[in-house]
């Protein structure tokens, strides 16, 4: 499967140029799946300390308008997170778009920060505590939206569900890029799945780009930069099944390893 991660700005002029570039990239590379950043296309409303219903409504309208343009990517599937009001309640909702079925809602973000610059708990209601497996064609994936990458308890469940990838739309700072990349590695190794993430970016560094594709054994296969904000590679979904049979996943299933060799990190005792 050919997958694409990206970094996108939200300012109208910058976004228009970046979107045109992303569409050219995904069309030329024939992407099967494109992962967008958290709340791509709209300003980060969570920076406001108080919920503003007028601003929320305008953000929903703008996001929905942009979502109608997803076919421009030429991809079979597009995954991201958007503002959505459900029964009058505001949520940060994951979505998948497909050329065959259009837009489909996924789980809603459950773990919400509440601090200066990130007042999500004041802007969104808590969503779904469950982290199930979803599907994009042949790909089985879990959705951990931004902060939810730190929900380490979800990775054992994903391994049990035979999830092949963990998709993570983000809105994280440039200064913390290394920390976020490290948890992306943990997500991949513990679950035996590919870890994919796309991030927002802006000139102030409040959002710091760095999208990634990490293999099930924790290798960084591709990442985005300011000079190369889109990254596309082919991933072999069979790699995930092979990883789940190996260390450290089998240890937590109470099984013997794939061979009699000493597992990595274990020192034999005479």
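Residue 164 passes every criterion in (1) under 26 Å from residue 101 (Cβ atoms); (2) out of contact with any helix residue (DSSP H, G or I) (no Cβ under 7 Å at 6 or more places or on another chain) apart from (2).
Could you check, for segment 135-156, whether at least one of its residues is within 14 Å of the chain's Cα centre (by Cα), buried (at least 21 other Cβ atoms within 10 Å of the Cβ) and on the phi > 0 side of the Ramachandran plot? So far as segment 135-156 goes, yes, one or more of its residues are within 14 Å of the chain's Cα centre (by Cα), buried (at least 21 other Cβ atoms within 10 Å of the Cβ) and on the phi > 0 side of the Ramachandran plot. Under the condition of being surrounded by fewer than 23 Cβ atoms within 10 Å (Cβ to Cβ) and in contact with a strand residue (DSSP E or B) (Cβ under 6 Å, 6 or more places away or on another chain), the residues counted in segment 208-221 number 3. So which pairs qualify, if the first residue must be in segment 2-25 and in a helix (DSSP H, G or I), the second must be at pLDDT 95 or above and surrounded by fewer than 20 Cβ atoms within 10 Å (Cβ to Cβ), the Cβ gap must be under 8 Å, and the two must be at least 6 apart or on different chains? Short answer, once both residue conditions are applied: 19/69; 19/72; 23/72; 23/74.
Of everything in segment 67-82 that is surrounded by fewer than 20 Cβ atoms within 10 Å (Cβ to Cβ) and in contact (Cβ under 8 Å) with a residue 40 or more places away in the chain, the residue that is nearest to the chain's Cα centre (by Cα) is 76. Being farther than 16 Å from residue 214 by Cβ, surrounded by 13 or more Cβ atoms within 10 Å (Cβ to Cβ), over 20 Å from the mean Cα position of the chain (by Cα) and at pLDDT below 95 holds for only one residue in 265, 257, and it is 257.
Taking the conditions (1) outside any strand (DSSP E or B); (2) closer than 26 Å to residue 69 by Cβ in turn, residue 141 satisfies each one other than (1). Residues of segment 83-117 that are closer than 21 Å to residue 154 by Cα, over 14 Å from the mean Cα position of the chain (by Cα) and crowded, with 17+ Cβ neighbours inside 10 Å: 91, 110, 111, 112.
What residue, among those in segment 40-65 that are in contact with a helix residue (DSSP H, G or I) (Cβ under 9 Å, 6 or more places away or on another chain) and crowded, with 18+ Cβ neighbours inside 10 Å, is farthest from residue 203 (Cα to Cα)? Once the filter is applied, the top-ranked residue is 59.
The values are calculated or read from the model by the stated rules, or taken from the named source; none is laboratory data. It should be emphasised that the depicted structure is a prediction, and the values quoted were computed from it without experimental measurement. With ideal geometry, Cβ positions are generated from the backbone for all residues, glycine too; neighbour counts draw on all protein chains shown.
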